[in-house]
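To keep things clear, I will list the structure first and then write my remarks on it.
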């Protein structure tokens, strides 16, 4: 079991610790619904130090990353972040990730469950003047999310963070210690993710809590992180995307730059899948009581037409929601379907996504 630097702080706050992606992590502190709504209405802090971070350097780093990822790395300016993904030769997803452009290097942030696999995949495909270094074990990452997140971060930063646009970052300090302030997150709310060297984790933690007291800051566990991302329909690796999933069917065709120079790994398979889709990731809302979990069958007139990838309860809608791959040509909004919930057929509607969008 791996341990994040702030594990003792989570336990002291009453966090319910569970194994997650090889780490001992807090799944909740109070209740998932309470924590979910607190992020939507105020501000919460997540420890997401289980995520993976790789440094990519070399004169060929841009060209190489562009080949290894779906999005167009060449369009990034210094201080910009890009959502992207890597594919196998088969067109299936290795992982979804973030790419940060600095003056002299790139930072690639990957999912916790895929750190070793991703690093091995990238390392085995090195070419030209490129070097990659895994700094995951030495990095702490805290996410400050919610309508008051920007105010909190402003109060601990020594640089002007208010002007940092969405999917951009700025380097600065907290209590004299170097950090990265990234205006990103996984909740659908405004917020920042703050990177710091693991050795200084407690300094950052204490600074955030000191600034957060007058803003009603609360700790948030991974349970609410999942329900928050589901309301805004952010894909979760291992559920909605995996090695069997191509980008366009999963709704991430918008990051798949088919016309960029040099193409990308899996290009031919993705092109064929784009032109001849067989299924699509769709949202659904249950109209009867129940929660449809991953792998539940989706039925239409008794015939299986798909499979649930993610399901849960939406505190904002006060209804059960989820995502499912629906076979063509049944992927029609408003279609009444049935979901197999522990042997019981529960009615639902194929619905517009995302289920929630924050007010701008």
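The values are calculated or read from the model by the stated rules, or taken from the named source; none is laboratory data. All figures in this text were calculated on a predicted structure; none of them were measured in a lab. Counting neighbours? That spans all protein chains shown, and the Cβs are built from the backbone with ideal geometry, glycine included.
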Quick check: anything in segment 23-46 assigned to a loop (DSSP other than H, G, I, E, B) and under 25 Å from residue 170 (Cα atoms)? yes
Filter segment 290-313 for residues that are over 21 Å from residue 238 (Cβ atoms) and part of a strand (DSSP E or B); the one that is nearest to the chain's Cα centre (by Cα) is 305
Scan the strands (runs of 3 or more DSSP E) fully inside segment 80-168 and keep the ones with 2 or more residues being crowded, with 22+ Cβ neighbours inside 10 Å and at negative phi. 81-87, 93-101, 106-110, 139-145
Return only the number of the condition from (1) over 19 Å from the mean Cα position of the chain (by Cα); (2) farther than 20 Å from residue 213 by Cβ that residue 25 does not satisfy. (1)
Quick check, is residue 187 surrounded by 14 or more Cβ atoms within 10 Å (Cβ to Cβ) and assigned to a strand (DSSP E or B)? no
Going through segment 203-249 one residue at a time, which ones are touching a helix residue (DSSP H, G or I) at 6+ places or on another chain (Cβ under 8 Å) and under 19 Å from residue 326 (Cβ atoms)? 235, 236, 240, 241, 246, 247, 248, 249
Just a yes or no: is a residue in segment 326-339 within 24 Å of the chain's Cα centre (by Cα) and either crowded, with 17+ Cβ neighbours inside 10 Å or not in a strand (DSSP E or B) (or both)? yes
Quick one: what pairs do we get from segment 15-36, first residue at pLDDT 95 or above, second in a helix (DSSP H, G or I) and surrounded by fewer than 17 Cβ atoms within 10 Å (Cβ to Cβ), C-beta under 7 Å, 6+ apart or different chains? 17/11
Considering segment 217-236, residues that are crowded, with 20+ Cβ neighbours inside 10 Å and more than 12 Å from residue 186 (Cβ to Cβ), and then whichever is farthest from the chain's Cα centre (by Cα), we arrive at 217
